[in-house]
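Right, one structure below, let's go through it.
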Amino acid sequence: MPTVVFWLLLGLGMGALQWPYQAISELGFQVQRRLWSLAGLTTGPVPAGWGPLLVFGASAALLLLAWGPLAAGRGGGVAPILALDRTPLPPAAAEHEPWLAKLSLRSQLQRLPLMVLTHVGGLAVGVESPAVALGASVLLAIRRRWPGFGPLGQLPIRLVAVIGGAAGLGAAFRSPLLAVAYGLEELGRRSGISLLLPTLLLAGSGTLVSTGLGQPARLAGVQFGGLAVSLWGWAALFTLVGAGLGSLLVRVLVPLAGGVQRLMERQRWAGSLLLAAVLTLVALASGGLSLNDGSLSLGAALAGESGGTLLALLWRWLATLISLAAGAPGGLMHDTMTLGALMTAPLQSLGSLDAVALGQLAAIGATALFAGAHGTPLFCGAFVFTLQGDPKLLPALLLVSATSAAISQRWRGEGWNDHQCGALLSPP
(Lines give C-alpha, C1' and ligand atoms only; values in the text may rest on other atoms or scores of the structure.)
Protein backbone atom coordinates (compact mmCIF):
# COMPACT_ATOMS: atom_id res chain seq x y z
CA MET A 1 0.00 0.00 0.00
CA PRO A 2 1.51 3.38 -0.92
CA THR A 3 2.52 5.45 2.09
CA VAL A 4 0.22 8.36 1.22
CA VAL A 5 -2.84 6.10 0.93
CA PHE A 6 -1.96 4.43 4.22
CA TRP A 7 -1.92 7.74 6.12
CA LEU A 8 -5.09 8.98 4.42
CA LEU A 9 -7.05 5.86 5.33
CA LEU A 10 -5.76 5.95 8.89
CA GLY A 11 -6.80 9.58 9.13
CA LEU A 12 -10.38 8.72 8.22
CA GLY A 13 -10.53 6.41 11.20
CA MET A 14 -8.97 9.02 13.45
CA GLY A 15 -11.55 11.59 12.43
CA ALA A 16 -14.39 9.17 13.16
CA LEU A 17 -12.95 8.38 16.60
CA GLN A 18 -13.34 12.04 17.55
CA TRP A 19 -17.14 11.86 17.20
CA PRO A 20 -17.85 10.86 20.85
CA TYR A 21 -15.76 13.74 22.18
CA GLN A 22 -17.48 16.20 19.86
CA ALA A 23 -20.91 14.87 20.85
CA ILE A 24 -20.06 15.19 24.55
CA SER A 25 -18.95 18.77 24.02
CA GLU A 26 -22.18 19.55 22.14
CA LEU A 27 -24.18 18.05 25.00
CA GLY A 28 -22.49 20.45 27.41
CA PHE A 29 -23.42 23.48 25.34
CA GLN A 30 -27.01 22.31 24.93
CA VAL A 31 -27.33 21.94 28.70
CA GLN A 32 -25.80 25.38 29.21
CA ARG A 33 -28.22 27.01 26.77
CA ARG A 34 -31.29 25.31 28.20
CA LEU A 35 -30.65 25.65 31.94
CA TRP A 36 -28.90 29.01 32.34
CA SER A 37 -29.79 32.62 31.69
CA LEU A 38 -26.35 33.50 30.19
CA ALA A 39 -26.46 37.09 31.38
CA GLY A 40 -25.27 39.57 28.79
CA LEU A 41 -25.38 36.98 26.03
CA THR A 42 -29.12 36.28 25.80
CA THR A 43 -32.27 38.07 26.87
CA GLY A 44 -34.44 35.05 27.49
CA PRO A 45 -36.20 34.17 30.76
CA VAL A 46 -34.19 32.71 33.63
CA PRO A 47 -34.76 28.92 33.64
CA ALA A 48 -35.76 26.84 36.63
CA GLY A 49 -33.14 25.93 39.23
CA TRP A 50 -31.98 22.60 37.79
CA GLY A 51 -28.74 24.10 36.48
CA PRO A 52 -27.00 24.63 39.84
CA LEU A 53 -28.00 21.15 41.05
CA LEU A 54 -26.58 19.60 37.91
CA VAL A 55 -23.31 21.54 38.19
CA PHE A 56 -22.85 20.56 41.82
CA GLY A 57 -23.76 16.90 41.37
CA ALA A 58 -21.76 16.30 38.20
CA SER A 59 -18.72 18.22 39.50
CA ALA A 60 -18.68 16.35 42.80
CA ALA A 61 -19.02 12.98 41.04
CA LEU A 62 -16.27 13.92 38.59
CA LEU A 63 -13.83 14.86 41.34
CA LEU A 64 -14.55 11.76 43.41
CA LEU A 65 -13.91 9.52 40.41
CA ALA A 66 -10.96 11.47 38.98
CA TRP A 67 -9.10 11.34 42.28
CA GLY A 68 -10.19 7.79 42.96
CA PRO A 69 -10.95 4.79 40.73
CA LEU A 70 -10.61 6.69 37.42
CA ALA A 71 -7.41 8.57 38.23
CA ALA A 72 -5.77 7.41 34.99
CA GLY A 73 -8.22 9.60 33.05
CA ARG A 74 -7.58 12.74 35.06
CA GLY A 75 -6.23 15.79 33.22
CA GLY A 76 -5.97 16.49 29.53
CA GLY A 77 -3.44 13.77 28.72
CA VAL A 78 -0.90 15.88 26.79
CA ALA A 79 1.95 15.67 29.33
CA PRO A 80 3.03 12.08 28.49
CA ILE A 81 3.39 13.03 24.80
CA LEU A 82 5.60 15.97 25.75
CA ALA A 83 7.65 13.75 28.05
CA LEU A 84 8.18 11.18 25.30
CA ASP A 85 9.34 13.86 22.91
CA ARG A 86 11.58 15.81 25.26
CA THR A 87 13.32 13.10 27.24
CA PRO A 88 16.95 12.43 26.25
CA LEU A 89 16.52 8.73 27.01
CA PRO A 90 16.30 6.21 24.16
CA PRO A 91 12.75 5.27 23.09
CA ALA A 92 13.08 1.70 24.38
CA ALA A 93 13.99 2.74 27.94
CA ALA A 94 11.92 1.23 30.74
CA GLU A 95 11.27 4.72 32.11
CA HIS A 96 8.90 5.31 29.19
CA GLU A 97 6.45 2.61 30.20
CA PRO A 98 4.52 4.70 32.76
CA TRP A 99 4.07 7.43 30.15
CA LEU A 100 2.91 4.95 27.56
CA ALA A 101 0.47 3.53 30.11
CA LYS A 102 -1.05 7.01 30.44
CA LEU A 103 -1.50 6.98 26.66
CA SER A 104 -3.08 3.55 26.50
CA LEU A 105 -6.57 3.02 25.10
CA ARG A 106 -7.61 1.85 28.55
CA SER A 107 -6.70 5.25 29.99
CA GLN A 108 -8.73 6.95 27.26
CA LEU A 109 -11.74 4.80 28.11
CA GLN A 110 -11.39 5.85 31.75
CA ARG A 111 -11.31 9.48 30.62
CA LEU A 112 -14.58 9.10 28.69
CA PRO A 113 -17.00 9.02 31.68
CA LEU A 114 -15.02 11.83 33.27
CA MET A 115 -15.54 13.89 30.13
CA VAL A 116 -19.28 13.26 30.24
CA LEU A 117 -19.43 14.53 33.83
CA THR A 118 -17.14 17.45 32.95
CA HIS A 119 -19.33 18.77 30.16
CA VAL A 120 -22.67 17.99 31.80
CA GLY A 121 -21.42 19.80 34.89
CA GLY A 122 -19.94 22.57 32.78
CA LEU A 123 -16.39 22.64 34.12
CA ALA A 124 -14.41 25.29 32.25
CA VAL A 125 -12.35 23.11 29.90
CA GLY A 126 -12.67 21.99 26.28
CA VAL A 127 -11.98 18.80 24.35
CA GLU A 128 -8.70 19.95 22.76
CA SER A 129 -6.26 18.12 25.05
CA PRO A 130 -8.32 14.89 25.23
CA ALA A 131 -8.49 14.91 21.41
CA VAL A 132 -4.70 15.16 21.33
CA ALA A 133 -4.31 12.29 23.81
CA LEU A 134 -6.80 10.14 21.90
CA GLY A 135 -4.97 10.62 18.61
CA ALA A 136 -1.65 9.68 20.18
CA SER A 137 -3.15 6.67 21.96
CA VAL A 138 -4.68 5.25 18.79
CA LEU A 139 -1.43 5.38 16.81
CA LEU A 140 0.59 4.05 19.73
CA ALA A 141 -1.84 1.14 20.19
CA ILE A 142 -1.49 0.19 16.52
CA ARG A 143 2.28 0.59 16.63
CA ARG A 144 2.69 -1.58 19.72
CA ARG A 145 0.15 -4.22 18.72
CA TRP A 146 1.49 -4.61 15.18
CA PRO A 147 5.11 -3.37 15.22
CA GLY A 148 5.56 -3.90 11.48
CA PHE A 149 2.26 -2.39 10.37
CA GLY A 150 2.77 -0.05 7.42
CA PRO A 151 4.90 3.10 7.76
CA LEU A 152 4.14 3.22 11.51
CA GLY A 153 6.54 0.35 12.09
CA GLN A 154 9.42 2.41 10.74
CA LEU A 155 8.90 5.33 13.11
CA PRO A 156 10.21 5.69 16.69
CA ILE A 157 7.67 5.58 19.48
CA ARG A 158 8.07 9.23 20.40
CA LEU A 159 7.42 10.38 16.83
CA VAL A 160 4.34 8.17 16.56
CA ALA A 161 2.91 9.80 19.71
CA VAL A 162 3.60 13.32 18.45
CA ILE A 163 2.10 12.67 15.00
CA GLY A 164 -1.01 11.08 16.50
CA GLY A 165 -1.50 13.87 19.04
CA ALA A 166 -1.14 16.67 16.51
CA ALA A 167 -3.37 14.93 13.98
CA GLY A 168 -5.99 14.25 16.66
CA LEU A 169 -6.29 17.96 17.38
CA GLY A 170 -6.39 18.84 13.67
CA ALA A 171 -9.09 16.25 12.94
CA ALA A 172 -11.19 17.30 15.93
CA PHE A 173 -11.20 20.94 14.86
CA ARG A 174 -11.14 20.31 11.10
CA SER A 175 -7.86 22.12 10.49
CA PRO A 176 -4.68 20.48 9.12
CA LEU A 177 -2.95 23.85 9.59
CA LEU A 178 -3.71 23.70 13.30
CA ALA A 179 -2.34 20.16 13.50
CA VAL A 180 0.98 21.09 11.90
CA ALA A 181 1.43 24.26 13.96
CA TYR A 182 0.71 22.40 17.21
CA GLY A 183 2.91 19.46 16.29
CA LEU A 184 5.93 21.54 15.33
CA GLU A 185 5.69 24.21 18.02
CA GLU A 186 4.43 22.34 21.07
CA LEU A 187 4.34 18.55 20.88
CA GLY A 188 7.32 17.80 18.65
CA ARG A 189 10.08 20.19 19.59
CA ARG A 190 12.65 17.39 19.43
CA SER A 191 10.94 15.39 16.70
CA GLY A 192 11.38 18.12 14.08
CA ILE A 193 9.87 18.32 10.62
CA SER A 194 9.72 14.53 10.20
CA LEU A 195 6.20 14.79 11.61
CA LEU A 196 5.06 17.22 8.90
CA LEU A 197 3.80 15.00 6.07
CA PRO A 198 2.12 12.27 8.16
CA THR A 199 0.41 14.89 10.31
CA LEU A 200 -0.90 16.76 7.28
CA LEU A 201 -2.25 13.61 5.68
CA LEU A 202 -3.85 12.26 8.86
CA ALA A 203 -5.45 15.55 9.84
CA GLY A 204 -6.50 16.32 6.27
CA SER A 205 -8.43 13.11 5.75
CA GLY A 206 -9.71 13.14 9.33
CA THR A 207 -11.22 16.54 8.65
CA LEU A 208 -13.36 15.00 5.90
CA VAL A 209 -15.29 12.84 8.36
CA SER A 210 -15.10 15.01 11.49
CA THR A 211 -18.19 16.91 12.60
CA GLY A 212 -18.84 20.47 13.70
CA LEU A 213 -20.51 19.41 16.95
CA GLY A 214 -19.43 21.20 20.09
CA GLN A 215 -17.78 24.11 18.28
CA PRO A 216 -20.11 27.11 18.59
CA ALA A 217 -17.17 29.52 18.35
CA ARG A 218 -16.24 28.25 14.87
CA LEU A 219 -17.60 31.00 12.60
CA ALA A 220 -18.27 30.79 8.87
CA GLY A 221 -18.02 33.48 6.22
CA VAL A 222 -16.64 36.28 8.40
CA GLN A 223 -14.94 38.94 6.27
CA PHE A 224 -13.98 41.84 8.50
CA GLY A 225 -10.89 42.68 6.50
CA GLY A 226 -7.54 43.97 7.74
CA LEU A 227 -7.15 45.80 11.02
CA ALA A 228 -7.87 49.51 10.58
CA VAL A 229 -5.15 51.98 11.50
CA SER A 230 -7.43 53.56 14.09
CA LEU A 231 -7.58 50.27 15.98
CA TRP A 232 -3.85 49.65 16.36
CA GLY A 233 -3.76 51.60 19.62
CA TRP A 234 -6.45 49.35 21.07
CA ALA A 235 -4.62 46.33 19.66
CA ALA A 236 -1.39 47.35 21.41
CA LEU A 237 -3.25 47.79 24.70
CA PHE A 238 -5.01 44.43 24.34
CA THR A 239 -1.70 42.75 23.55
CA LEU A 240 -0.04 44.09 26.69
CA VAL A 241 -3.01 43.37 28.96
CA GLY A 242 -3.54 39.92 27.40
CA ALA A 243 0.10 38.99 27.90
CA GLY A 244 -0.12 40.03 31.55
CA LEU A 245 -3.39 38.22 32.23
CA GLY A 246 -2.21 35.06 30.46
CA SER A 247 1.01 35.02 32.44
CA LEU A 248 -0.83 35.63 35.70
CA LEU A 249 -3.23 32.77 34.96
CA VAL A 250 -0.38 30.28 34.76
CA ARG A 251 1.45 31.84 37.71
CA VAL A 252 -1.63 31.21 39.87
CA LEU A 253 -2.59 27.88 38.32
CA VAL A 254 0.64 25.98 39.02
CA PRO A 255 0.69 26.47 42.82
CA LEU A 256 -3.10 26.15 43.01
CA ALA A 257 -2.89 22.75 41.34
CA GLY A 258 -0.39 21.65 43.96
CA GLY A 259 -2.70 22.80 46.74
CA VAL A 260 -5.70 21.02 45.23
CA GLN A 261 -3.66 17.84 44.86
CA ARG A 262 -2.71 17.87 48.53
CA LEU A 263 -6.34 18.53 49.50
CA MET A 264 -7.73 15.72 47.35
CA GLU A 265 -5.12 13.21 48.48
CA ARG A 266 -5.93 13.86 52.13
CA GLN A 267 -9.68 14.61 52.06
CA ARG A 268 -11.15 13.38 48.80
CA TRP A 269 -14.80 13.60 49.84
CA ALA A 270 -14.53 16.95 51.58
CA GLY A 271 -12.38 18.37 48.79
CA SER A 272 -14.80 17.20 46.11
CA LEU A 273 -17.80 18.74 47.81
CA LEU A 274 -15.94 21.98 48.53
CA LEU A 275 -14.69 22.45 44.95
CA ALA A 276 -18.09 21.50 43.51
CA ALA A 277 -19.76 24.08 45.76
CA VAL A 278 -17.33 26.80 44.64
CA LEU A 279 -17.90 25.98 40.96
CA THR A 280 -21.66 26.10 41.53
CA LEU A 281 -21.48 29.49 43.25
CA VAL A 282 -19.34 30.86 40.42
CA ALA A 283 -21.85 29.55 37.89
CA LEU A 284 -24.70 31.24 39.76
CA ALA A 285 -22.81 34.52 39.98
CA SER A 286 -22.04 34.48 36.24
CA GLY A 287 -25.51 33.44 35.13
CA GLY A 288 -23.96 30.34 33.50
CA LEU A 289 -21.23 32.18 31.57
CA SER A 290 -18.49 30.48 33.60
CA LEU A 291 -19.52 27.05 32.30
CA ASN A 292 -17.85 24.88 29.65
CA ASP A 293 -14.91 26.21 27.65
CA GLY A 294 -16.57 29.57 26.96
CA SER A 295 -17.25 29.00 23.29
CA LEU A 296 -20.69 30.58 23.48
CA SER A 297 -19.15 33.84 24.68
CA LEU A 298 -16.14 33.47 22.40
CA GLY A 299 -18.23 32.92 19.28
CA ALA A 300 -20.39 35.95 19.98
CA ALA A 301 -17.38 38.18 20.70
CA LEU A 302 -15.50 37.07 17.57
CA ALA A 303 -18.61 37.95 15.54
CA GLY A 304 -18.57 41.49 16.98
CA GLU A 305 -21.45 40.92 19.38
CA SER A 306 -21.61 40.89 23.16
CA GLY A 307 -19.93 37.85 24.69
CA GLY A 308 -21.02 38.81 28.18
CA THR A 309 -20.33 41.45 30.77
CA LEU A 310 -16.85 42.37 31.97
CA LEU A 311 -17.60 40.70 35.29
CA ALA A 312 -17.97 37.44 33.39
CA LEU A 313 -14.22 37.61 32.78
CA LEU A 314 -13.62 37.34 36.54
CA TRP A 315 -16.03 34.43 36.96
CA ARG A 316 -14.57 32.58 34.00
CA TRP A 317 -11.08 33.22 35.36
CA LEU A 318 -11.98 31.55 38.66
CA ALA A 319 -13.79 28.65 36.99
CA THR A 320 -10.84 28.02 34.66
CA LEU A 321 -8.33 27.96 37.51
CA ILE A 322 -10.41 25.60 39.64
CA SER A 323 -11.32 23.26 36.76
CA LEU A 324 -7.73 22.86 35.56
CA ALA A 325 -6.25 22.61 39.05
CA ALA A 326 -8.81 19.94 39.97
CA GLY A 327 -7.74 17.73 37.05
CA ALA A 328 -10.79 18.07 34.81
CA PRO A 329 -10.05 16.27 31.51
CA GLY A 330 -9.26 19.24 29.30
CA GLY A 331 -6.82 22.07 28.66
CA LEU A 332 -6.64 25.86 28.67
CA MET A 333 -6.89 26.63 24.95
CA HIS A 334 -10.49 27.79 24.48
CA ASP A 335 -10.61 29.04 28.07
CA THR A 336 -7.83 31.56 27.54
CA MET A 337 -9.16 32.62 24.15
CA THR A 338 -12.53 33.34 25.75
CA LEU A 339 -10.95 35.35 28.56
CA GLY A 340 -9.08 37.44 26.01
CA ALA A 341 -12.14 38.02 23.85
CA LEU A 342 -14.11 39.23 26.88
CA MET A 343 -11.75 42.21 27.14
CA THR A 344 -13.99 43.88 24.54
CA ALA A 345 -16.92 43.94 27.01
CA PRO A 346 -16.28 47.54 28.17
CA LEU A 347 -16.10 48.69 24.53
CA GLN A 348 -19.56 47.42 23.63
CA SER A 349 -21.14 50.67 24.83
CA LEU A 350 -18.82 52.90 22.76
CA GLY A 351 -20.74 54.16 19.76
CA SER A 352 -17.52 54.78 17.85
CA LEU A 353 -16.78 51.05 17.47
CA ASP A 354 -18.98 48.98 15.17
CA ALA A 355 -19.36 45.21 15.03
CA VAL A 356 -16.40 44.86 12.66
CA ALA A 357 -14.05 46.69 15.02
CA LEU A 358 -15.33 44.80 18.06
CA GLY A 359 -14.93 41.44 16.31
CA GLN A 360 -11.39 42.26 15.26
CA LEU A 361 -10.42 43.43 18.74
CA ALA A 362 -11.99 40.31 20.26
CA ALA A 363 -9.72 38.21 18.04
CA ILE A 364 -6.73 40.33 19.06
CA GLY A 365 -7.56 39.93 22.74
CA ALA A 366 -8.17 36.20 22.40
CA THR A 367 -4.83 35.73 20.65
CA ALA A 368 -2.89 37.86 23.11
CA LEU A 369 -4.13 36.14 26.26
CA PHE A 370 -3.88 32.68 24.70
CA ALA A 371 -0.29 33.30 23.61
CA GLY A 372 0.55 34.87 26.96
CA ALA A 373 -0.58 31.72 28.77
CA HIS A 374 0.54 29.11 26.24
CA GLY A 375 3.70 30.60 24.78
CA THR A 376 3.34 29.14 21.26
CA PRO A 377 2.82 32.15 18.96
CA LEU A 378 2.28 30.37 15.64
CA PHE A 379 -0.19 27.89 17.08
CA CYS A 380 -2.10 30.50 19.10
CA GLY A 381 -2.48 32.84 16.13
CA ALA A 382 -3.50 29.95 13.88
CA PHE A 383 -6.14 28.72 16.34
CA VAL A 384 -7.92 32.08 16.61
CA PHE A 385 -7.70 32.42 12.82
CA THR A 386 -9.24 28.95 12.46
CA LEU A 387 -12.21 30.02 14.58
CA GLN A 388 -12.85 33.46 13.09
CA GLY A 389 -11.66 32.53 9.61
CA ASP A 390 -10.81 35.97 8.18
CA PRO A 391 -7.50 35.67 6.25
CA LYS A 392 -6.99 39.45 6.07
CA LEU A 393 -6.72 39.59 9.85
CA LEU A 394 -4.20 36.73 10.08
CA PRO A 395 -1.03 38.91 9.80
CA ALA A 396 -2.19 41.06 12.72
CA LEU A 397 -3.02 37.96 14.78
CA LEU A 398 0.42 36.46 14.18
CA LEU A 399 2.11 39.74 15.11
CA VAL A 400 0.07 40.07 18.30
CA SER A 401 0.67 36.42 19.17
CA ALA A 402 4.44 36.68 18.73
CA THR A 403 4.59 39.92 20.72
CA SER A 404 2.48 38.58 23.58
CA ALA A 405 4.47 35.34 23.77
CA ALA A 406 7.74 37.27 23.87
CA ILE A 407 6.54 39.72 26.54
CA SER A 408 5.04 37.01 28.75
CA GLN A 409 7.94 34.56 28.58
CA ARG A 410 9.68 36.05 31.62
CA TRP A 411 6.45 36.97 33.40
CA ARG A 412 4.87 33.53 33.01
CA GLY A 413 7.77 31.39 34.16
CA GLU A 414 7.01 27.69 33.85
CA GLY A 415 4.15 26.96 31.47
CA TRP A 416 1.21 24.76 32.42
CA ASN A 417 2.13 21.97 29.99
CA ASP A 418 5.81 22.34 30.90
CA HIS A 419 4.90 21.99 34.57
CA GLN A 420 3.00 18.76 33.98
CA CYS A 421 5.70 17.41 31.68
CA GLY A 422 8.39 18.28 34.21
CA ALA A 423 6.56 16.31 36.89
CA LEU A 424 6.80 13.20 34.68
CA LEU A 425 10.44 13.76 33.78
CA SER A 426 11.54 14.42 37.36
CA PRO A 427 12.80 11.39 39.31
CA PRO A 428 10.38 10.15 41.99
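The values are calculated or read from the model by the stated rules, or taken from the named source; none is laboratory data. Source: prediction; values computed, not measured. Neighbour counts run over all protein chains shown; Cβ positions are idealised from the backbone, glycine included. Ligands, DNA and RNA are stripped out before the accessible areas are found, and what is left, the full protein with its side chains, is counted by its heavy atoms. Shrake-Rupley method; radii C 1.70, N 1.55, O 1.52, S 1.80 Å.
Count Lys and Arg as plus one, Asp and Glu as minus one, and take only other residues whose Cβ is under 11 Å from that of residue 380; the net charge is then -2. Placing a label point 7 Å from the Cα of residue 392 along the Cα-to-Cβ direction, the residues of region 321-359 with a backbone N closer than 16 Å are 354-359. Based on protein heavy atoms only, region 154-263 ends up with 39 Å² per residue of surface accessible to a 1.4 Å probe. Cα centroids of region 383-428 and region 142-198: 20 Å apart. Potential lengthening of the chain between residue 193 and residue 237 amounts to 12.3 nm, from the contour at 0.36 nm per residue minus the alpha-carbon distance. Extending 7 Å from Cα along the Cβ direction at residue 9 and again at residue 252 yields two label points whose distance is 5.1 nm.
Here the contact order of the chain, divided by its residue count and restricted to Cα pairs under 8 Å and six or more residues apart, works out to 23 percent. Given +1 at the Cβ of Lys and Arg, -1 at the Cβ of Asp and Glu and no other charges, the dipole of the chain around its Cα centre is 700 debye to the nearest 20.
For the pair residue 220 and residue 262, the difference between a 0.36 nm per residue extended length and the Cα-Cα distance amounts to 10.7 nm.
Given bins 5 angstrom wide, list per bin the percent of all Cα-Cα distances in region 109-161, short to long. Calculated over all Cα pairs of region 109-161, the distribution is 4, 19, 23, 15, 11, 12, 9, 6, 1 percent. Taken along the Cα-to-beta-carbon direction at a fixed 7 Å, the label points for residue 349 and residue 411 span 2.6 nm. The Cα trace of region 265-307 gives Rg and Dmax of 14.6, 46 Å, the first to one decimal, the second as a whole number. Assuming R0 = 22 Å, what is the FRET efficiency of residue 284 and residue 27, from their Cβ-Cβ distance, to the nearest 0.05? With a Förster radius of 22 Å, E is 0.55.
Projecting the Cα atoms of 349, 57, 235 onto the dipole axis of the chain, where Lys and Arg carry +1 and Asp and Glu carry -1 at the beta carbon, places 57 farthest toward the positive end. Calculated on C-alpha atoms, the gyration radius of region 129-269 divided by its Kirkwood radius gives an Rg/Rh of 1.09.
Surface composition of region 288-409: carbon plus sulfur atoms hold 69% of the accessible area, using a 1.4 angstrom probe and ignoring ligands, DNA and RNA.
In nanometres, what is the gap between the two model label sites at residue 305 and residue 71, each 7 Å from Cα along Cα-to-Cβ? Between residue 305 and residue 71, the label points sit 4.5 nm apart. When the convex hull of its Cα atoms is viewed from all sides, the chain shows a mean projected area of 19.1 nm².
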